[in-house]
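**Student:** One structure, as structure tokens, below. Some questions next.
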Amino acid sequence: MLNAAHWTARLSDLAAQARVSGATLGIWSDGEEVLAAYGVLNSATQVPVTPDSLFQIGSITKIWTATMIMQLIEEGRLSLDTTVADALPGIRLGTSDVGGQVTVQHLLTHTSGIDGDIFTDTGRGDDCVQLYVEELAAAPSTFPVGAAYSYCNSGFVLLGRIIEVIDGKSWDESLRDRLTGPLALTHTVTLPEEAILHRAAVGHDGAGVPVKVWGLPRSIGPAGLITATAGDLLAFARLHLADGILPDGKWILSEASVSAMQQPRAAIPDFAAPDSAIGLGWRLGSWGGRAIFGHDGDTVGQSAYLRIDPEGQLAVCLLTNAAESESLFRALFDEVFGDLVGVTMPASPRPARSAGPPDQAAGFATVADDQDLDLERHVGRYERTSRRFDVSVRDGRLHMVLTVTGKLADLFNSEPEVLILYPADSSGDRFVLRSNEDEPWIALTFGHLADRTPYLYLTGRVTPRVA
């Protein structure tokens, strides 16, 4: 039996340690549900978080969009092999116009090759998604269609536009008609004017200061604009645990479609989680030999996490109003999954040696060690829309300057960040990095595309070397 007081206390203790301003935890375990709350919605107003508080779930929205796409496929109005050119006649996709090659499956699996972090604000009208998609005519391709996996927000906006065209209404309206209405979700919204009618969280930067921008542009809606309570997110998760059947016995998605979404379609090249793959929207993984699927979401100063264990009939979500909450997520989910189903998350990557200052007796890697890895071959500028990485060798080590660019820079108001890349093994291609000592390490891999173009892979995205 779930102990609400215990999990409320654990959320409070761990969130305080992680310096997270506010959070809600939702656990659904084989018919029982617990909702816990911690902290404040806004550090400036000190309004407390309650279990019915709304947080931005960011890219977890993509699973809702993917679910609607699967409904359309079941209705015979679309297929996984339908191309963008067929679904959206007259739309030019990318500078090379790959609309005739990119299929619905490519979009669902982040394998279209279209640059993914395009955050063009096309206004607040119901035509904003249409206008965004029209501007993708100028989008560059990172790699040929189907050649690799690289996380792609713009691909899910395209899927949202396909839903709009087929349904003849805005993506927001389709969401209400197809999912939030049938699921009776009264605390799930997409627009800020809807969110402020509830107890809504405000994002906070790394210093715990409230951000000055509410969220992402409405044009990004199908990729990341849902705001919801932990309870509503669990209700959506239960749909995928119950083979598409609602609590009243009606079904809104077939068992075959639910299963298809959870089947691996392409490998995710993350050496920190070697069993990772992408399904039709869902990210798939293995925790202690147990199949786990889920998704994360980040917006302006908010982050959210959802993991589902179909064998254990367990769904867990964490919603926070903090830009940095990975350490809380890992600690809390380790405890929840460990206690309830006996598995924990795969260990986060670490340097091959301790990453202390080089002059310490137990220093991580000597200059000679790093030079043995032939670091010079990775030097150069790597760039895609919204991100630029300048990699150099200084004092025998790889350094990287990360610069957020374009529209994303306007949203996050970030400064260039200098990072040291620590070898994760002796391959010379795998490294780890982090901004602060109290954060988990992040994996970075250098590689080559099929045409031998060098790239770096970081946070799910392929970035080619351009200079």
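**Student:** Put +1 on the Cβ of every Lys and Arg and -1 on every Asp and Glu Cβ in the chain; which of Thr344, Ser257, Val202 then has its Cα farthest towards the positive end of the dipole?
**Tutor:** Val202
**Student:** Starting at the first residue of the range 29-40, write each ³J(HN,Hα) from the Karplus equation 6.51 cos²θ - 1.76 cosθ + 1.60 with θ = phi - 60°, in whole Hz, x for Gly and Pro.
**Tutor:** These are the phi-based 3J(HN,Hα) values: 10, 6, x, 10, 10, 10, 10, 10, 10, 8, x, 10 Hz.
**Student:** Per DSSP H run of n ≥ 4, the term is -39500 (n - 2.57); total these for the chain, divide by its residue number, and report the mean residue ellipticity at 222 nm rounded to 500 deg cm²/dmol.
**Tutor:** -7000 deg cm²/dmol
**Student:** To continue, here is another question. Could you provide, to the nearest whole Å², the per residue accessible area of the chain with probe 1.4 Å?
**Tutor:** Counting only protein heavy atoms, the per-residue value for the chain is 40 Å².
**Student:** Moving to a separate point now. Exposed loop trypsin sites (Lys or Arg not before Pro) only (DSSP loop, at most 15 other Cβ atoms within 10 Å): please give the longest stretch of the chain free of them, not including the sites.
**Tutor:** No qualifying site falls inside 251-352, the longest such stretch.
**Student:** Using a 1.4 angstrom probe on heavy atoms only, work out the carbon and sulfur share of the accessible area of the chain in %.
**Tutor:** Whole-percent figure for carbon plus sulfur exposure: 49.
**Student:** How much net charge surrounds Val379 when only the other residues with a Cβ under 11 Å from the Cβ of Val379 are counted, with Lys and Arg +1 and Asp and Glu -1?
**Tutor:** It works out to a net charge of +1.
**Student:** Which net charge results for the neighbourhood of Gly244, defined as the other residues with beta-carbon distances under 10 angstrom from its beta-carbon, given Lys and Arg at +1 and Asp and Glu at -1?
**Tutor:** After counting each charged neighbour, the total is -2.
**Student:** For Leu185, what accessible area in Å² do you get when you roll a 1.4 Å probe over the heavy atoms of the protein chains, rounding to the nearest 10?
**Tutor:** Solvent-accessible area, nearest 10 Å²: 20 Å².
**Student:** Additional query: Can you give the Rg and Dmax of the range 280-335 based on its C-alpha atoms, in angstrom?
**Tutor:** Radius of gyration, then largest Cα-Cα span, for the range 280-335: 11.8, 34 Å.
**Student:** Rounded, prolate or oblate: pick one for the range 28-76, where a ≥ b ≥ c are the square roots of the eigenvalues of its C-alpha gyration tensor, a/c under 1.5 means rounded, and failing that, prolate if a/b is larger than b/c, else oblate.
**Tutor:** oblate
**Student:** Here's something else I'd like to know. Which value in Å does the Kirkwood hydrodynamic radius of the range 187-313 take, with 1/r averaged over all unlike C-alpha pairs and then inverted?
**Tutor:** This gives a value of 16.6 Å.
**Student:** In sequence order, what are the phi-derived ³J(HN,Hα) couplings for the range 203-210 according to the Karplus relation 6.51 cos²θ - 1.76 cosθ + 1.60 with θ = phi - 60°, rounded to whole Hz, with x for glycine and proline?
**Tutor:** After applying 6.51 cos²θ - 1.76 cosθ + 1.60, I find x, 10, 7, x, 8, x, 9, x Hz.
**Student:** Also, quick follow-up: Starting from the Kirkwood Rh over alpha-carbon pairs, what translational D in µm² s⁻¹ does the range 363-467 have by Stokes-Einstein at 10 °C and 1.306 mPa s?
**Tutor:** Approximately 111 µm²/s, per Stokes-Einstein.
**Student:** Excluding Asp334 itself, what net charge comes from residues whose Cβ is under 15 Å from its Cβ, given Lys and Arg +1 and Asp and Glu -1?
**Tutor:** In short, -1.
**Student:** Would the range 137-180 count as rounded, prolate or oblate if I go by the C-alpha gyration tensor, calling it rounded below 1.5 in a/c and otherwise prolate when a/b exceeds b/c, oblate otherwise?
**Tutor:** Judged from the Cα gyration tensor, the range 137-180 comes out prolate (a/c at least 1.5, a/b above b/c).
**Student:** Report the per residue volume, in Å³, of the convex hull enclosing the C-alpha atoms of the range 191-247.
**Tutor:** Here the figure is 131 Å³ per residue.
**Student:** Largest first, what is the accessible-area ranking of Thr50, Thr459, Thr229 with a 1.4 Å probe?
**Tutor:** Thr459, Thr50, Thr229
**Student:** Something else now. Bin width 10 Å, alpha-carbon pairs only: give the P(r) of the chain as whole percents, running from 0 to the bin holding the largest distance.
**Tutor:** 4, 20, 31, 28, 13, 3, 0
**Student:** Which ³J(HN,Hα) values, rounded to whole Hz and listed in residue order, are derived for the range 431-442 from phi using the Karplus coefficients 6.51, -1.76 and 1.60 in 6.51 cos²θ - 1.76 cosθ + 1.60 with θ = phi - 60°, glycine and proline given as x?
**Tutor:** Couplings: 9, 10, 8, 6, 7, 9, 5, 8, 9, x, 6, 10 Hz.
**Student:** Rounded, prolate or oblate, given the Cα gyration tensor of the range 138-258, with a/c below 1.5 counting as rounded?
**Tutor:** Because a/c hits 1.5 or more and a/b fails to exceed b/c, the range 138-258 counts as oblate.
**Student:** With every protein chain in place, what's the accessible area of Leu225 (1.4 Å probe, Å², nearest 10)?
**Tutor:** Probe radius 1.4 Å; accessible area of Leu225 about 20 Å².
**Student:** What's the extension gain from Asp97 to Ala16 if we count 0.36 nm per residue and subtract their Cα-Cα distance?
**Tutor:** So the chain would gain 24.2 nm between Asp97 and Ala16.
**Student:** Taking amide hydrogens as modeled 1.01 Å from N in the peptide plane, which residues meet the under 5 Å criterion relative to Arg387, leaving out close sequence neighbours?
**Tutor:** Counting only residues 5 or more places away or on other chains, the set is Thr405.
The values are calculated or read from the model by the stated rules, or taken from the named source; none is laboratory data. Note that the structure is a prediction, hence the values are computed from the model and not measured. Neighbour counts run over all protein chains shown; Cβ positions are idealised from the backbone, glycine included. Side chains are part of the model used for accessible areas, which takes the heavy atoms of the whole protein and leaves out ligands, DNA and RNA. Shrake-Rupley method; radii C 1.70, N 1.55, O 1.52, S 1.80 Å.
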